[in-house]
């Protein structure tokens, strides 16, 4: 038997949650980003273990492991950071915002999301510029183009913009963005 207060609260939360097309797409993309980041982290651990094993047990350290681990760290951290923006896992000053009246708090939250979107645009744009500047250079010991180091910067910037737009729309509608892990 369900508690009527709990059922009422769940229905109220469902009514406030953002259910538009952008939210549904962003929820899937954010969940996929979380899975890819966790998988990338496991691959990094495996690569570093292999490097340590090669160096201290086999006396033959593989030359490609360090560069690959560094590239993967970029993907894990930047995609993970973008997902954190959607799921409100980024650093915030909520304790100050809760003390403000609702109409002021909503305007400040809107400004914050606009500024985060501008930051995402700057990330994507500058990542594109930097990537284009090293397009013909190869990463030593991997043979991959240097531009792959800038792909996560661009992708993260685009995701941050999309997630910020979702938050802005939700705020304007009086709704909440449901985190990806729900």
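Failed condition for residue 179, given (1) outside any helix (DSSP H, G or I); (2) touching a helix residue (DSSP H, G or I) at 6+ places or on another chain (Cβ under 8 Å); (3) more than 16 Å from residue 29 (Cα to Cα), with all others met?
With (1) outside any helix (DSSP H, G or I); (2) touching a helix residue (DSSP H, G or I) at 6+ places or on another chain (Cβ under 8 Å); (3) more than 16 Å from residue 29 (Cα to Cα) applied to residue 179, the lone miss is (3).
Going through 161, 151, 137, 118 one at a time, which residue ends up being free of Cβ contacts under 8 Å to residues at least 12 places away in the same chain, touching a helix residue (DSSP H, G or I) at 6+ places or on another chain (Cβ under 9 Å) and closer than 29 Å to residue 68 by Cβ?
Matching residue, one of 161, 151, 137, 118: 137.
I'd like to check which helices (runs of 4 or more DSSP H) are fully inside the range 43-160 and have at least 2 residues that are at pLDDT below 95 and more than 30 Å from residue 175 (Cβ to Cβ).
It comes to 65-86, 102-133.
The values are calculated or read from the model by the stated rules, or taken from the named source; none is laboratory data. The structure displayed is predicted, hence computed values, not measured ones. In this analysis, Cβ positions are derived from the backbone assuming ideal geometry, glycine residues included, and neighbour counts consider all displayed protein chains.
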